[in-house]
Structures are given as C-alpha cells and as structure tokens.
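Trainee: There's a structure below that I have some questions on.
Derivation of every value follows stated rules applied to the coordinates shown; laboratory data play no part. Computed from a predicted structure; not experimentally measured. Cβ placement follows ideal geometry from the backbone for every residue including glycine, while neighbour counts extend to all protein chains displayed.
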C-alpha cells in the first residue's frame, strides 16, 4: 500500500516545527522528509538526521540533474527535497511529511497531485511577532525580514487544502492528526478573519 504525502507550510513563528515533531512522535507510520541544505551545521545538529549538509556546488549540481522535488533559497542558503527519498518512503507504505514554504508546496502539488497540503497560521500578527522575539536569538533586521516573509507565506494560505489555526498547540495538533488520518472534514472551523490577518501589515 502506497503511503500518503503531506505538506505543512507556515510563517516562521507559527509553531510548524513543534507541531510537525509532535505529529511524527504520535504516529506509527509517518516520517519527516530530511532536506538537503547548504547552510552550516549547528552544534546540536546531526548530518543525515536533521539535514543532509552539502556544499553549494554539490547542491547546484543536484539541481541540474533533477534530484530535487522542490528547492528554494532562504536567507542565502539553499534547501531541497530529494524526489527519490520521498518516493522510496511512499512506495514502502510510509506517510511522508514535508516541511516547506508555499512556493515549494505549489511545486510539489503540481508534480504529485495526490499530496495533501496544510497551512498553519498564528492567531494574530501580534502573537506571531511576540513568538519570534521570545526566541531571543534574532536581530531586529532578522525579525523584520522574517515578518516580511511571514506576510508572503500567509498571503498564499488559501492554496492549501486545509488551514489550521495554532491558537492552542494541543487543539492544532488534534486537527493535524485528523488530517493525517484522512478525517480533515472534522477539524475545527477556522475562527479567523483571513483577510484581516493577511492585510494587517
């Protein structure tokens, strides 16, 4: 039985990574796709587990040879999803979760129409900025850049099959679990004015 491909997209600070990890931890048959990247490995990261860390020249050669299902340049670094790795997991009956932005999600949906995409949104722009600042690791310039990118991400949220509001972590996780199990019609109604959120910059 072939696995299903799920795409999760969200602006930075919306809680996407934490939700994805919790979703994987609570599932017996779902794995996160490990991306290739040209950025430097951080002290706590393991090559082949967090990312596949490669040189820029090697990455660009992989682009030329069609290795990636999708790839993007973010803050000067490249990130890409291996088509072969995803297809191998799907063919083994494993559900695969992709953590990518709206542009990557659009590319994957075109190539793999059966993929199910989810956009995760914060309850407000104010809360999103608060979460970014609470990290305590980014400069004002970086925060401003992340907020600009966040508006761009949220502006494309309607392209996803489902929109999940991360106003409460456990409730948002419940919604994602329903989507993963094929019961997306049971998730909470979206109690949010999307136009107001997107146009609030």
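Trainee: State log₁₀ I(q)/I(0) for segment 5-198 at q = 0.11, 0.18 Å⁻¹ as given by the Debye formula over alpha-carbon point scatterers of equal weight, solvent excluded.
Mentor: Scattering profile of segment 5-198, log10 relative to I(0): -0.50, -1.40.
Trainee: Roughly how many nanometres apart are two label points built 7 Å out from the Cα toward the Cβ at residue 130 and residue 142?
Mentor: 2.2
Trainee: For segment 84-129 and segment 137-201, write down the distance between their C-alpha centroids in whole Å.
Mentor: Rounded to whole Å, the Cα centres lie 13 Å apart.
Trainee: Between residue 40 and residue 56, what is the label-to-label distance in nm when each label sits 7 Å out along the Cα-to-Cβ direction?
Mentor: The answer from the label model is 1.4 nm.
Trainee: Sum -39500 (n - 2.57) across every DSSP H segment of at least 4 residues in the chain, then divide by the residue count to get the 222 nm mean residue ellipticity, nearest 500.
Mentor: Values: 8 runs with 80 residues, N = 201.
So the helix-based figure for the chain works out to -11500 deg cm²/dmol.
Trainee: Further question: Return 36, 161 ranked ascending by Cβ neighbour count within 10 Å, so the fewest neighbours appear first. If you can, show how the numbers build up before the last one.
Mentor: Working: 36 20, 161 14.
Starting with the residue having the fewest Cβ neighbours, the order is 161, 36.
Trainee: By count of other Cβ within 10 Å, fewest leading, how are 1, 154 ordered? Display every interim value, and only then the final one.
Mentor: On the way: 1 6, 154 26.
Sorted ascending by nearby Cβ count, the order is 1, 154.
Trainee: Based on DSSP, what percent of beta bridges with both residues in segment 5-198 are antiparallel, to the nearest 5?
Mentor: Numbers: 8 of 26 bridges.
Roughly 30 percent of the DSSP beta bridges within segment 5-198 come out antiparallel.
Trainee: Another one. For segment 50-102, what class follows from the C-alpha gyration tensor (a ≥ b ≥ c being the square roots of its eigenvalues): rounded when a/c is under 1.5, otherwise prolate if a/b is larger than b/c, else oblate? Present the calculation step by step, with values, prior to reporting the outcome.
Mentor: Working: a/c = 2.23, a/b = 1.58, b/c = 1.41.
Taking the square roots of the gyration eigenvalues as a ≥ b ≥ c, segment 50-102 is prolate.
Trainee: Over the Cα atoms of segment 56-162, how large are the radius of gyration and the largest Cα-Cα distance (Dmax), in Å?
Mentor: Cα only, segment 56-162: 16.0, 45 Å (Rg, Dmax).
Trainee: So, one more: Points 7 angstrom from Cα along the Cβ direction at residue 1 and residue 83: gap in nanometres?
Mentor: With each label placed 7 Å out from Cα toward Cβ, I get 2.8 nm.
Trainee: Can you put 59, 52, 169 in order, fewest other beta carbons within 10 Å first? Can you show the working numbers first?
Mentor: Numbers: 59 23, 52 15, 169 12.
Starting with the residue having the fewest Cβ neighbours, the order is 169, 52, 59.
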